[in-house]
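Encoded as structure tokens, the structure appears first; notes follow it.
Nothing in this text is a laboratory measurement; each read-out follows from the coordinates by a stated rule. Quick caveat: nothing in here was measured; it's all calculated off a predicted structure. No Cβ is skipped: glycine too gets one built from the backbone with ideal geometry, and neighbour counts run over all protein chains shown.
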């Protein structure tokens with residue numbers, strides 16, 4: 001296994017400075033703490049060292065990766081598989097039967113298991129895999145795991161992994177103290193957190209005043225002005241996310257919602273439509289503040305202000321990544337004070353005399369009712385839509401294939417034409433339901 005081969009498999013030319021430093025430092029043999037902002041490539045920073053630490057002569061699980069959310073678990077699994085290391089990986093998380101995951105373990109014989117603390121603890125308690133062969137423990141988004149109250153569950157998991165020799169902790173903030181249960185030994189700390197001065201040059205923060213306490217109309221007007229730029233709208237409660245989403249849709253604003261109370265399939269579909277350009281507004285709780293692969297966010301809107309400065313920092317960290325620029329909007333009503341943790345004097349956002357119409361996304365997402373288990377792959381779908389749907393290469397966007405279904409983004413102006421053209425047509429001889437994704 002060579003580093004260049006793995007990077008080629010990921011279509012990456014080279015590592016960034018943080019990733020290269022982590023890769024080189026890991027070789028020295030110490031436990032590692034890596035601090036780097038959200039969206040800077042921390043996943044690859046530990047998956048590459050992890051891959052090179054795996055041994056072909058060990059049959060059991062060699063590495064465990066703890067994460068705070070199922071979305072992050074799935075993303076890590078996807079990236080590792082794309083590396084094509086020859087070692088198997090699987091993810092474990094709540095919201096699906098643990099017995100189903102146990103069957104997958106027995107059939108797959110994974111070298112790496114990535115999962116949430118609660119579900120990992122469940123498998124270890126039931127001895128669903130042999131913990132004695134685990135030598136590497138990674139805790140991704142360590143600070144978020146603590147914030148979500150996983151301390152006890154993480155301590156239980158670590159206590160059930162007696163053979164761990166190396167630990168790799170990653171975080172987007174610098175924790176004051178690492179709990180003793182993490183079991184760190186001789187440790188190297190790599191700090192790539194950008195200075196506040198460097199960030200402020202790329203991040204413009206506006207104050208948006210709402211004339212009434214109910215901010216829905218002000219939010220709608222703001223989003224019309226922002227236009228087709230990818231925008232995250234943060235609310236503090238699930239009920240608020242639902243209410244804001246319903247209001248925006250009633251005003252013909254294309255948007256998706258995202259919170260922990262939604263079914264996993266609905267969350268994945270919402271994320272997919274946002275990533276592929278089928279909508280440019282994503283309304284979420286702080287679940288979307290970290291741990292999700294959402295590239296190129298241009299704007300962050302605080303419909304509700306977070307309760308802490310840390311929450312404010314993480315939300316804003318979704319935009320202005322590395323050398324990119326971004327904008328942050330704080331929606332406040334007359335009786336609402338600017339939080340004490342926002343110390344800067346903010347520029348007031350001024351609405352234009354004439355409000356633009358709600359923006360219309362460039363793409364529409366199509367649902368295709370067949371997937372990997374039906375022997376359908378991405379190439380099959382691209383070929384089918386190109387030939388039967390009469391689509392040019394630049395009229396077809398992102399295509400994702402799941403086990404039993406697939407999604408494809410097509411340009412909006414061609415969507416109806418494509419749907420008419422592919423009715424009653426077969427993909428690789430298989431009849432499939434094809435319709436706009438709900």
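So what is the 222 nm mean residue ellipticity for the chain from helices alone, if each DSSP H run of at least 4 adds -39500 (n - 2.57) and you divide by all residues, rounding to the nearest 500 deg cm²/dmol?
When only DSSP H runs of four or more count, the value is -10000 deg cm²/dmol.
Roughly what would the spin-label model give for residue 265 and residue 240, points 7 Å off Cα along C-beta, in nm?
3.0
Out of 406, 334, 98, any idea which swings most in a Gaussian network model of the chain, alpha carbons joined below 10 Å?
334
To the nearest 0.05, how large is the calculated FRET efficiency for residue 357 and residue 229 if R₀ is 22 Å and r is the Cβ-Cβ distance?
Efficiency, rounded to the nearest 0.05: 0.90.
With each pseudo-label sitting 7 Å past Cα toward Cβ, what's the residue 24-residue 81 distance in nm, one decimal?
Those two pseudo-labels are separated by 3.4 nm.
Test of understanding: ordering 308, 69 by Cβ neighbours within 10 Å, fewest first, what list do you get?
308, 69
Within the stretch 83-105, which residues have the backbone N less than 16 Å from the label spot 7 Å out from residue 59 along Cα→beta-carbon, could you tell me?
Counting only backbone N, you get 88, 105.
Gain in length, residue 213 to residue 99, computed as 0.36 nm per residue apart minus the alpha-carbon separation, to one decimal in nm?
36.2 nm
Which value, in Å to one decimal place, does the Kirkwood hydrodynamic radius take for the stretch 363-436 when every pair of different Cα atoms is included?
Mean inverse Cα-Cα distance, inverted, gives 11.8 Å.
Which distance in Å, rounded to a whole number, links the C-alpha centroids of the stretch 69-110 and the stretch 335-398?
What the calculation gives is 27 Å, centre to centre.
Starting with the fewest neighbours, write out 331, 139, 294 ranked by other beta-carbon atoms found within 10 Å of each beta-carbon.
294, 331, 139
Of the candidates 227, 56, 94, which one comes out as most mobile in a Gaussian network treatment of the chain with C-alpha springs shorter than 10 Å?
56
Given a Förster distance of 56 Å, report the FRET efficiency between residue 109 and residue 252 from their Cβ-Cβ distance, rounded to the nearest 0.05.
E between residue 109 and residue 252, to the nearest 0.05, is 0.65.
Compare the peptides 11-21, 114-124, 263-273 by average per-residue count of other Cβ atoms within 10 angstrom and give them in order, highest first.
Per-residue mean Cβ counts within 10 Å order the peptides as 114-124, 263-273, 11-21.
Taking 7 Å along the Cα-to-C-beta vector as the label spot, tell me the residue 132-residue 184 distance in nanometres, rounded to one decimal.
It works out to 3.1 nm between the two label points.
Need one word for the stretch 237-276: rounded, prolate or oblate. Basis is the Cα gyration tensor (sqrt eigenvalues a ≥ b ≥ c); a/c below 1.5 gives rounded, then a/b vs b/c decides.
oblate
Starting from 0.36 nm per residue, how many nanometres of slack lie between residue 393 and residue 164 once their C-alpha separation is accounted for?
Length gained between residue 393 and residue 164: 77.6 nm.
When all C-alpha to C-alpha distances in the stretch 3-191 are sorted into bins of 5 Å, what percent of pairs does each bin hold, rounded to whole numbers?
Percent of Cα pairs in each bin: 1, 8, 18, 22, 23, 16, 9, 3, 0.
Taking R0 as 25 Å, what's the FRET efficiency between residue 379 and residue 424 from their Cβ-Cβ distance, rounded to 0.05?
0.65
Only counting other Cβ atoms within 10 Å, I'd like 192, 234 sorted with the fewest neighbours first.
By the 10 Å Cβ count, ascending, the order reads 192, 234.
Want the number for residue 345 to residue 12: 0.36 nm per residue separation, take away the alpha-carbon distance, what's left?
Separation in residues times 0.36 nm, less the Cα-Cα distance, equals 115.8 nm.
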